[in-house]
Amino acid sequence: MTDTPPILQIRDLKIALPKGADRPFALEGLDLTINPGEIVCLVGESGSGKSLCAGAIMRLLPEPHVHVAGGAIRFMGDELLAKTETEMRGIRGEDIAMIFQEPMTALNPQKTVGWQLDEVLRLHTKMNKAERKARAIEMLTRVHIPDPASAYNAYPHQISGGQRQRVMIAQALSLSPKLIIADEPTTALDVTTQLQILKLIRELQEQEGAGVLFITHDFGVVAEIADKVAVLCRGEMVEQGPAKEVLNNPQHAYTRALIGAVPALTPPPVKPVTKAPVVLKGTGLKKTFAARGGLLSGKRKAVTAVKDLTFQLHQGETLGVVGESGSGKTTVSRIVTRLLECDAGKVEMDGKDLLACSPAELRAMRKHIQMVFQDPMASLNPRKRVVDLIAQGPIVHGVDPDKARADARRLLELVELSPAAANRFPHEFSGGQRQRIGIARALALEPKVIVADEPVSALDVSVQAQVLKLLADLRDRLNLSLLFVTHDLRVAAQLCDRIIVMQKGEIVEHGLTAEIFASPQHPYTRNLLSSIPGRDWTPPSFRPDAA
């Protein structure tokens, strides 16, 4: 160990919340130290104060409503809380850089990638235009973006999610900062892209000797890259220490609960095979999105999203559809529910082809197949009360409104929400509670099949575990069939009886989940499984020798 002074020292930090909030302080008495070349993971659920800690370091809190009420934040020995706004502008980007969770909202959609990289260099360096462009191209190359010169001239919407996140990292690292703050930078990414981004942050951090504060709720990510872990619960630091100690021998009950909620990579025992009838059958499905483009972006080629895809879903079964972004998973879910018209093929339910139904026949068939969407806030009408959202489907199908609303209140109990929640609006609930409302709405018509499109991808690990348990319980109790679309292989391992693995619109492997996880046959499946962050770490509660 060297006597190099810490890059960041936080002492007794308090961040006050507005009057009427659920607690007076978002953070209370936080102590944290980051040394050069060290990755510290700040872990906790939504509302624990992780992102506000990052905001306080960058001096970007929404003051005066949320403000630092006490404590010290020292960067390279200097007190950041005493800096003027002009001084902070010089520090941000140059000395302390931040990688945001959602690059599409952090990048300007009206400016090219090159312009946005150039802006950082123009404001903080004395380089001329040619030198700035050379540096920007160099950074895009360092973050492993294919064809950096082309990406330099592209707009954010013209590159993939993983590439946008790499642009954010290139932007953050272009001035060789001493401290990098990464706020959930891999949450919405595929496992392969996620692993590349984590390796990239580690690689660049080692090259530059920077300190990294990595904010996450994913213990797989922690196992992959952390040197040190600090666990937050409702603004209070409950545990801190070397990553191996915290991951393998957590001391606080909250840390143990979080780690216990991480889905295991070992699928549960295979259910006894029964000759359950096929309730949903897709045959020869094809979908191509036509070429499109314009004067600025140029002509873009037609994309074949689904190629000659065939599958069967049995009664009471969960069939997982896994693969990376662009593999065609969501397209399949939307074809099956007739939210998207396909070019060829059949989707049969009860011997009837849904794709050939007239509008009147389709409305009748929709009772039997319902969908749970990825983002419940986007799929629930914010102006309707929960009871009306759940009762809407049955009322449309002729159920008496009073009976439909009474049934809606019973459904809220079924998804473990209080019937008193019926008269509230969607924005008054947490993300996990909104997803339960989405599930209740799907169940209102007593369907035979539920299509769930990434229903837990944006949830904390503990909430995710609750929603997955709820789905499994409802499936077994109501004899439902689930078509479950996900890119999270830990989730697929725990919930799915069988899985189909999709790549570029085709099924490359299918079979029992336990068999595919134990012995994947296709190189693409092997690559997916080997890319799961923390794949070599077994959470203590799942170890064979655990008590």
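The values are calculated or read from the model by the stated rules, or taken from the named source; none is laboratory data. What you see is a predicted model; the values in this text were computed from it and never measured. Cβ atoms come from the backbone with ideal geometry, glycine included; neighbour counts cover every protein chain shown.
In table form, for the structure just shown:
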read-out	value
Among residues of region 365-391, those that are free of Cβ contacts under 8 Å to residues at least 24 places away in the same chain and over 25 Å from the mean Cα position of the chain (by Cα), counted	2
Residue match in region 385-402 (condition: crowded, with 17+ Cβ neighbours inside 10 Å, closer than 30 Å to Thr288 by Cα and touching a Phe, Trp or Tyr at 6+ places or on another chain (Cβ under 7 Å))	no
Condition met for Ile181 (buried (at least 21 other Cβ atoms within 10 Å of the Cβ) and more than 23 Å from Ser325 (Cβ to Cβ))	yes
Residue match in region 77-89 (condition: buried (at least 20 other Cβ atoms within 10 Å of the Cβ) and in contact (Cβ under 8 Å) with a residue 40 or more places away in the chain)	no
Verdict on Gln466 being modelled with pLDDT of 90 or more and touching a helix residue (DSSP H, G or I) at 6+ places or on another chain (Cβ under 7 Å)	no
Restricting region 98-127 to residues that are in a helix (DSSP H, G or I) and of a type in the set (Asp, Glu), the residue that is nearest to Leu52 (Cα to Cα)	Glu119
Any hit, region 41-57, residues being over 28 Å from Lys244 (Cα atoms) and touching an Asp or Glu at 6+ places or on another chain (Cβ under 8 Å)	no
Top-ranked residue of region 202-238 - restricted to ones that are outside any strand (DSSP E or B) and without any contact (Cβ under 8 Å) to a residue 60 or more places away in the chain, ranked as farthest from Ser51 (Cα to Cα)	Gln207
Checking Ser150 against (1) modelled with pLDDT under 90; (2) assigned to a helix (DSSP H, G or I); (3) under 23 Å from Gly55 (Cβ atoms), the condition it does not meet	(3)
Residues that are outside any helix (DSSP H, G or I) and either out of contact with any His (no Cβ under 6 Å at 6 or more places or on another chain) or free of Cβ contacts under 8 Å to residues at least 12 places away in the same chain (or both), drawn from region 160-184	Ser160, Ser174, Ser176, Pro177, Lys178, Leu179, Ile180, Ile181, Ala182, Asp183, Glu184
Residue check for Thr187: of a type in the set (Ser, Thr, Tyr) and in a helix (DSSP H, G or I)	no
Selected residue (criterion: nearest to the chain's Cα centre (by Cα)) from residues of region 333-362 that are under 22 Å from Glu506 (Cα atoms) and among the hydroxyl-bearing types (Ser, Thr, Tyr)	Ser333
Strands (runs of 3 or more DSSP E) lying entirely in region 1-87 (those with 1 or more residues that are in contact with a Ser or Thr (Cβ under 8 Å, 6 or more places away or on another chain) and modelled with pLDDT of 95 or more)	8-16, 39-43
Failed item, numbered, when Val191 is tested on (1) modelled with pLDDT under 85; (2) within 26 Å of Leu52 (Cα to Cα); (3) surrounded by fewer than 24 Cβ atoms within 10 Å (Cβ to Cβ); (4) of a type outside the set (Ser, Thr, Tyr)	(2)
Residue that is surrounded by the fewest Cβ atoms within 10 Å (Cβ to Cβ), among those in region 140-173 that are hydroxyl-bearing (Ser, Thr, Tyr) and touching a helix residue (DSSP H, G or I) at 6+ places or on another chain (Cβ under 7 Å)	Thr141
Criterion violated by Gly241 - all others in (1) crowded, with 18+ Cβ neighbours inside 10 Å; (2) assigned to a strand (DSSP E or B); (3) not acidic (Asp, Glu) satisfied	(1)
From Arg436, Arg475, Arg535, residue being under 28 Å from Gln101 (Cα atoms) and either over 18 Å from the mean Cα position of the chain (by Cα) or crowded, with 23+ Cβ neighbours inside 10 Å (or both)	Arg436
Qualifying residues in region 271-315 (those that are part of a loop (DSSP other than H, G, I, E, B) and modelled with pLDDT of 80 or more) - the one surrounded by the fewest Cβ atoms within 10 Å (Cβ to Cβ)	Pro277
Every pair of residues 6+ apart whose Cβ atoms lie under 8 Å, when the first sits in region 115-139 and is closer than 23 Å to Thr86 by Cα while the second is surrounded by fewer than 16 Cβ atoms within 10 Å (Cβ to Cβ) and among the aliphatic types (A, V, I, L, M)	Leu121/Met127
Contacts under 9 angstrom Cβ, first residue in region 327-348 being assigned by TED's automatic domain parsing to the domain that holds Glu506 and on the phi > 0 side of the Ramachandran plot, partner assigned to a loop (DSSP other than H, G, I, E, B) and not acidic (Asp, Glu), 6 or more apart	Gly328/Lys504; Gly328/Gly505; Arg338/Cys357
Region 420-433: number of residues that are crowded, with 20+ Cβ neighbours inside 10 Å and of a type in the set (Phe, Trp, Tyr)	0
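Matching residues to (1) under 25 Å from Gln194 (Cβ atoms); (2) part of a helix (DSSP H, G or I):
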position	(1), (2)
Leu474	no, yes
Arg477	no, yes
Leu482	yes, no
Val485	yes, no
Arg490	yes, yes
Ala493	yes, yes
Val501	yes, no
Ile507	yes, no
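Listed here are the residues, each with its yes/no results for (1) within 16 Å of the chain's Cα centre (by Cα); (2) surrounded by fewer than 16 Cβ atoms within 10 Å (Cβ to Cβ).
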| residue | (1), (2) |
| --- | --- |
| Leu459 | yes, no |
| Leu480 | no, no |
| Asp488 | yes, no |
| Ile499 | no, no |
| Thr513 | no, no |
| Thr525 | no, no |
| Ser530 | no, yes |
| Pro539 | no, no |
